[in-house]
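A short write-up of the structure that comes next.
The values are calculated or read from the model by the stated rules, or taken from the named source; none is laboratory data. As the structure is a prediction and not an experimental result, all values here were calculated from the model. Cβ atoms come from the backbone with ideal geometry, glycine included; neighbour counts cover every protein chain shown. The area values use the complete protein model at the heavy-atom level, side chains included, leaving out ligands, DNA and RNA. Shrake-Rupley method; radii C 1.70, N 1.55, O 1.52, S 1.80 Å.
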Amino acid sequence: STVKFTVCHHFWITIIHRMIQNSTSSLSQLKIDFQDVAHPSHELELTRSISTAIPPCAFADDTTMALKTPSNRQAAQELKTILQDLEEVTGLRVNPTKSEIILLYDDPSEEQKAILADFG
């Protein structure tokens, strides 16, 4: 049903976001802090009152997540493991044929390009 999908989808994106945001492992390198993208004119009070990482957004069955390019395979593998675990729990999965990675303000190394290619 639509309600079941919506709840599962929200759970799915929230878990991924929280795991990246709170990670103390190599997974933390994927996090983009608001301070990295906020305009310097924003007051310190504002940046303290918002989440530290840019949260994902979703519309219907589309999800957008802003993540840094992983600099090692361990971070990419941890993310893949999370996605596989969430697929087992919710039945939702990333469809590589309908997914894309868009690089913004990034000049990935050959190793990073190979890591990204592993995602499909």
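Couple of notes before you dig in:
- Residue list for the range 52-65, restricted to those being at pLDDT below 85 and surrounded by 13 or more Cβ atoms within 10 Å (Cβ to Cβ): Thr52, Ala53, Ile54, Pro55
- Pick from the range 7-18, criterion free of Cβ contacts under 8 Å to residues at least 60 places away in the same chain and open to solvent by less than 80 Å² (accessible area, probe 1.4 Å), ranking: farthest from Ala60 (Cα to Cα): His17
- Figure legend. Inter-residue proximity from the range 31-42: first residues modelled with pLDDT of 70 or more and of a type in the set (Phe, Trp, Tyr), second residues in a loop (DSSP other than H, G, I, E, B) and open to solvent by less than 90 Å² (accessible area, probe 1.4 Å), beta-carbon distance below 8 Å, spacing 6+ or different chains. Indicated pairs: Phe34/Ile50; Phe34/Ser51; Phe34/Thr52; Phe34/Ile54.
- Residue count for the range 66-75, restricted to those that are open to solvent by 60 Å² or more (accessible area, probe 1.4 Å) and not hydrophobic (A, V, I, L, M, F, W, C): 4
- Residue selected from the range 85-106 under the condition within 12 Å of Trp12 (Cβ to Cβ) and in a helix (DSSP H, G or I), by the criterion most open to solvent (accessible area, probe 1.4 Å): Glu88
- Selection within the range 107-119 - closer than 19 Å to Ala66 by Cβ and assigned to a loop (DSSP other than H, G, I, E, B): Asp107, Pro108, Phe119
- From the options Glu110, Glu78, residue that is open to solvent by 60 Å² or more (accessible area, probe 1.4 Å) and among the acidic types (Asp, Glu): Glu110
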